[in-house]
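Everything on this sheet refers to the single structure shown next.
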Amino acid sequence: MKIDRVQTLYFSPTGTTKTVVTEMSREYFGSKAPCFDLTYPEYTLPQDLSTGDLVFVGVPVYAGRVPALAVERLEGLQGNGASMVVTVVYGNREYEDALLELRNMALEHGFRVVAGCAFIGEHSFSTGELPIAAGRPDEDDLKIARKFAQQIRDNVKGLAEKGRGHLDVPGDKPYKEGMMNLPFTVQVDEEKCTLCETCISTCPAGAISLSGQIIMSADLCILCCACIKGCPEEAVSLTAPPIMEKVVWLHENCKERKEPALFTL
Ligand SMILES: Cc1cc2nc3c(=O)[nH]c(=O)nc-3n(C[C@H](O)[C@H](O)[C@H](O)COP(=O)(O)O)c2cc1C
């Protein structure tokens, strides 16, 4: 099968998913592969896809699922027989049904799924005191990503134009219950906050506004931690007790290094 165009598509509030998928698409096609960033509300989607296209798509894992906001933003994507490589990036706990969900979405949107993978990224809740998969993806992960992209390129060359191959990936359907809407959000330390508005521009969900002080909407917040990681003053934190308990649990129970899982036709 001949691929004329490669495109990259990701939802990546704290950047680990972006790192993994761009590493793969660049290895496959060089820096010519355009990127579509679905993280922010003003995103656009690739248009006029057809069988000569290959799209690398990546999302983080939230509660074992594809984040609801990513599902919503992928809604208008039309594959028209284009090929897709599906990637999920998780914080060294589990990816559960997320890869299966992303593969199924790709099929429903008219793509042929030629490969899939689950990589590990620093957990969004990781802090200096309570690290969880800190520094991932690291150089070893990215080496695996590049090798996998080469393997996909070799496989795709050998695939027939209209193959019926069906990529098997782990996961169960009905999927596990995803993220619940929790009644809390991040906290801003007003002593440290300089009202620079970086948090507003890095929030994927439009959950932050300025009205004399920074206002966080618990209804809109997806707890992605982009505002925490992006704040130049370290003025934003997630200290709600139920989340803190979870962070301690993750820090203590997800220490053992997991390795990327790779699936091809
Ligand atoms: C709300 C939320 C839920 C998460 N759920 C999971 C999970 O179920 N399993 C896991 O291993 N990591 C989980 N993570 C961690 C992210 O999947 C991980 O940090 C990922 O690398 C973030 O991707 P990004 O850097 O592209 O935003 C969760 C993170 C957040 C913010």
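Every number here is computed from the coordinates shown, using simple stated rules; none is lab data. Everything numeric here is computed off the predicted structure, so don't read it as measured data. Here the Cβ is made from the backbone with ideal geometry for all residues, glycine too, and neighbour counts use every protein chain on show.
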**Complete:** For the chain, averaging the sequence separation of alpha carbon pairs under 8 Å that lie six or more residues apart and dividing by its residue count, the contact order in percent is 21 percent
**Request:** Provide the per-residue ³J(HN,Hα) series for the stretch 246-262, in order, calculated from phi with Karplus coefficients 6.51, -1.76, 1.60 and θ = phi - 60°, each as a whole number of Hz, with x at glycine and proline positions.
**Result:** 5, 5, 4, 4, 4, 4, 7, 9, 10, 7, 5, 5, 9, 10, x, 10, 10
**Prompt:** Near Leu142, within a Cβ-to-Cβ distance under 14 Å, what is the net charge of the other residues, with Lys and Arg +1 and Asp and Glu -1?
**Reply:** -2
**Prompt:** What FRET efficiency would be calculated for the residue pair Cys196, Ala218, taking the C-beta separation as r and a Förster radius of 25 Å, to the nearest 0.05?
**Reply:** 0.65
**Item:** Radius 14 Å from Cβ of Ser201, net charge of other residues (Lys, Arg +1; Asp, Glu -1)
**Value:** -2
**Prompt:** Taking the chain as a Gaussian network, where each spring joins two C-alpha atoms under 10 Å apart, which residue of Gly158, Gly121, Gly171 fluctuates the most?
**Reply:** Gly158
**Complete:** Counting sequence-distant residues (5 or more places) and residues on other chains, those with an amide H built under 5 Å from that of Val55 are Gln7, Ser83, Met84, Val85
**Asked** Using a simple spin-label model with points 7 Å from Cα along the Cα→Cβ vector, what separation in nm is obtained for Glu259 and Lys147?
**Response** 0.8 nm
**Prompt:** What number, rounded to the nearest 500 deg cm²/dmol, is the helix-based mean residue ellipticity at 222 nm of the chain, given -39500 (n - 2.57) per DSSP H run of at least four residues and division by all its residues?
**Reply:** -8500 deg cm²/dmol
**Prompt:** Nearest 10 degrees, 0 to 90: what angle lies between the long axis of helix 16-29 and the longest principal axis of the chain (Cα atoms)?
**Reply:** 20 degrees
**Asked** So if we plug the beta-carbon distance of Glu139 and Glu108 into 1/(1 + (r/R0)^6) with R0 = 51 Å, what FRET efficiency do we get, rounded to 0.05?
**Response** 0.90
**Asked** Hey, in the GNM for the chain with a 10 angstrom Cα cutoff, which one of Gln78, Gln47, Gln187 fluctuates hardest?
**Response** Gln47
**Message:** Run the numbers for Asp154 and Ser31: contour at 0.36 nm per residue of separation, minus the present Cα-Cα distance, in nm.
**Reply:** 42.4 nm
**Prompt:** Say we join alpha carbon atoms closer than 10 Å with springs in a Gaussian network model of the chain; which of Lys32, Lys18, Lys173 then has the biggest fluctuation?
**Reply:** Lys173
